[in-house]
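To keep things clear, I will list the structure first and then write my remarks on it.
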Amino acid sequence: MLKNKVADYLSGLPASTLLVALVLSVSACQPSTADDGAQSRPAHHAEAGFRNPHLTDTSDKNFFSYVRMRWLSDEEFADHSESVDQIRVADHRPPLSADSDRPRVTWLGHSSFLIHYRGFNLLTDPILSQRASPVSFAGPERLAPLVYGMEDLPAIDWVVISHNHYDHLDQPTIKALGNGAKYFVPLGLKPWFIDAGIDPDRVLEFDWWDSELVPGARITATPTQHWSGRGLTDRNQTLWAGWRVDMADFSLWFGGDTGYNEVQFRETRRRLGPVDLALIPIGAYAPRWFMRQSHINPEEAVTLHNEIESSYSIGIHWSTFQLSAEPLDEPRQRLEAAVAEGRLNQGEFVTLPIGATITVPAQKPEPAPQTV
C-alpha cells in the first residue's frame with residue numbers, strides 16, 4: 001500500500017528533514033477549492049479562509065501526494081547545487097542609497113526587489129536569510145550569493161508582501177526591517193506582523209482591489225492564483241495577492257507567485273490600465289502536472305505580460321532557491337526562446353543578474369553598466 005510505503009520512507013528521514021517537509025510541503029502544493037457556495041461572500045472568500053475562483057482542476061494536492069511525487073515517483077529533480085556556476089551575478093553593484101531622478105530597480109534575488117523613485121524606497125517580498133524555511137538548519141538553501149545585505153539597504157518606506165510562504169515572508173528580515181517601513185499585506189496577515197514585533201499601525205491589510213493612497217504612491221492589491229500556509233493547520237487562512245504601485249509618472253506591477261487563468265490578469269489591465277514595469281515569476285513550475293495551478297511557466301509569464309499590457313517585464317522567482325524540478329537556468333532559457341518566437345505583443349521581457357540595477361527612463365528601462 002502506498003501509505004505504508006510512505007510511512008516506511010518517512011521513518012528513515014532525519015527529524016529535521018521531516019519537519020521541513022511537513023511544514024513546507026515545498027510551496028508547490030495546489031490550493032484547496034472547498035467552499036459552501038454562499039452567495040454573500042466575494043468569490044475568493046471561503047467559509048473559512050480563502051479560495052481560488054478560477055481553478056480548472058479541483059483536485060487537492062496534500063502532503064502525501066507531494067511525498068509520492070518528490071520521492072516515490074519517477075519524476076527527476078535537477079540538482080541545482082551542481083549548477084550554481086550558471087547563476088548570473090552582477091559585477092557592478094552601485095550603492096543602493098544613491099538617488100535617481102528616474103525609477104531604479106535592483107534585484108536582490110528570488111522575488112525580492114528594491115524599487116527607488118522620487119526619494120521613496122519599496123521592497124517586494126524581502127528575504128535576506130540563507131534559507132527559505134521555518135528553521136535555520138534545514139530547508140531550501142540560498143544557492144546564489146547574498147549580494148546585498150540588510151546593512152546595504154537604504155531606509156525603506158514601503159514593503160509589499162504577496163503571501164505567507166517562507167520564500168516570500170521571512171521573519172528575520174521583517175524583524176530587521178522593524179517599524180521604519182509600512183507593510184502592505186493580504187487579508188489575515190496583520191497578526192503575524194504584530195507577533196513579529198511590528199506596530200499595528202505600520203501594517204495595512206488588503207483584500208483584492210483594495211487601494212490606499214499614501215504620500216508618494218497609490219498601492220492596490222490585485223488578484224493572483226496561489227495559496228497560503230506556514231504550517232499544517234493554517235492552509236489558505238490568509239489571502240495572497242499581487243500589487244500595483246502607481247508613483248507619479250511610473251507604474252509597477254509585482255506578481256509575487258501565481259498560477260495562470262484567463263480572467264484575473266485581463267481584469268487587472270481593464271481596471272488599472274497598462275503598466276510600465278512588471279515583475280513576473282518564471283520559475284518553480286516543474287513537474288507541470290503538480291505545479292501548474294500555483295506557478296506559471298515562462299510561456300505563461302509572457303502571456304501574463306501581454307494581458308496586463310506591460311511595457312517592460314523582469315523575470316523573478318528563479319535562480320535563488322531550489323523549490324521545484326526544472327534545471328536552474330531553464331526558466332531564463334525558455335523565456336528567451338518564447339521572446340525570440342515573437343510571443344510578446346508589446347514591450348520587452350528580460351531576466352537580470354542577481355544584484356543588477358536598471359534605471360527606468362521615460363520610454364523603457366536600460367541596463368546599468370555591468371558584466372554578466
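The residue that is farthest from the chain's Cα centre (by Cα), among those in region 81-95 that are modelled with pLDDT under 90 and open to solvent by less than 80 Å² (accessible area, probe 1.4 Å), is Pro94. With respect to the conditions (1) modelled with pLDDT under 95; (2) among the polar types (S, T, N, Q); (3) touching a Lys or Arg at 6+ places or on another chain (Cβ under 8 Å), Ser129 falls short on a single one, namely (1). Report whether or not Pro200 is on the phi < 0 side of the Ramachandran plot and touching a Phe, Trp or Tyr at 6+ places or on another chain (Cβ under 7 Å). Spelling it out, it is not the case that Pro200 is on the phi < 0 side of the Ramachandran plot and touching a Phe, Trp or Tyr at 6+ places or on another chain (Cβ under 7 Å).
Residue-level analysis places Ala78 among those that are assigned to a loop (DSSP other than H, G, I, E, B), closer than 20 Å to His317 by Cα and open to solvent by 20 Å² or more (accessible area, probe 1.4 Å).
Name every residue in region 308-343 that is among the β-branched types (Val, Ile, Thr) and free of Cβ contacts under 8 Å to residues at least 60 places away in the same chain, in order of residue number.
Selection gives Ile308, Val339.
Taken over region 263-307, the criterion of being open to solvent by less than 50 Å² (accessible area, probe 1.4 Å), farther than 24 Å from Thr359 by Cα and touching a residue at least 60 places away in the same chain (Cβ under 8 Å) is satisfied by Gln264, Ala284, Pro287, Phe290, Met291, Gln293, Ser294, His295. Of the residues screened, Thr258 is one that is under 18 Å from the mean Cα position of the chain (by Cα), open to solvent by less than 10 Å² (accessible area, probe 1.4 Å) and closer than 16 Å to Thr124 by Cα.
The values are calculated or read from the model by the stated rules, or taken from the named source; none is laboratory data. If you're wondering where the values come from, they're calculated on a predicted model, not measured in any experiment. Note that we place each Cβ from the backbone using ideal geometry, even for glycine, and neighbour counts take in every protein chain shown. Just the protein is used for accessible areas: all its heavy atoms, side chains included, with ligands, DNA and RNA removed. Shrake-Rupley method; radii C 1.70, N 1.55, O 1.52, S 1.80 Å.
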